[in-house]
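The values are calculated or read from the model by the stated rules, or taken from the named source; none is laboratory data. This one's a predicted model, so the numbers in the text were calculated from it and none came from an experiment. Every residue, glycine as well, gets a Cβ built from its backbone with ideal geometry; the counts of neighbours run over all protein chains shown.
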Amino acid sequence: MKKFLIILAAALCLGGCKVTYSFSGTSIDPDVHTISVPPFEYKALRVNPALSNELTEAIRTRFRRMTTLEQVDMDADLEIIGEIVGYDVQASAVTASEIAAQNRLTVSVKVTFNNNKHPEESFANKSFSAYADYDSENSLDAVESTLCAEIIDKIVEDVFNATVAQW
């Protein structure tokens, strides 16, 4: 009888849990099954034609690998809508003779997250930004793809954490 009561108490405690936790660090409600990530709109003044597609695909890939959510085009439980609003290069280190020794590529995005099952978890126009430095002896064209890959990884991590890891 005592074992039965312990098992019953444990079942009631576990059965009342609302949020599902996983080893990936996500906390997704059990009634959430689908996600939509439409292509990020490119609004930055300086143009990188591949960045929008690369960022969108990186976010989709992260959700495919780290969650069990099905990716759909419309009517999703979760929606991540983004736009690239900044793509800038600035000097980050200057020599004594006032020449740039290092430059910094910075990418800024704004993300709207709609949780259609639990609207209280949604947010609008949240800004995310990441940068990578490179030696000014190199042209941006020479290092751009490597820098963008590094920056995309940082932004994807931040967006993932803000949406389903809730950090």
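A compact table of results
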{"item": "Test set (1) modelled with pLDDT of 95 or more; (2) out of contact with any Lys or Arg (no Cβ under 8 Å at 6 or more places or on another chain) - Ala93 fails condition number", "result": "(1)"}
{"item": "Among residues of segment 110-155, those that are among the aromatic types (Phe, Trp, Tyr) and either within 26 Å of Ala76 (Cβ to Cβ) or within 13 Å of the chain's Cα centre (by Cα) (or both), counted", "result": "3"}
{"item": "One residue from Glu144, Glu150, Glu121 being in contact (Cβ under 8 Å) with a residue 40 or more places away in the chain, closer than 18 Å to Ile84 by Cβ and of a type in the set (D, E, K, R)", "result": "Glu144"}
{"item": "Residues satisfying the stated conditions in segment 116-167, i.e. of a type outside the set (S, T, N, Q), part of a loop (DSSP other than H, G, I, E, B) and surrounded by 12 or more Cβ atoms within 10 Å (Cβ to Cβ)", "result": "Lys117, His118"}
{"item": "Cβ-Cβ under 8 Å pairs, at least 6 apart or on other chains, segment 50-73 side more than 12 Å from Val37 (Cβ to Cβ), far side among the aromatic types (Phe, Trp, Tyr) and part of a helix (DSSP H, G or I)", "result": "Met66/Phe160"}
{"item": "Failed criterion for Thr26 (all others in (1) at pLDDT 95 or above; (2) crowded, with 17+ Cβ neighbours inside 10 Å; (3) under 15 Å from the mean Cα position of the chain (by Cα) hold)", "result": "(1)"}
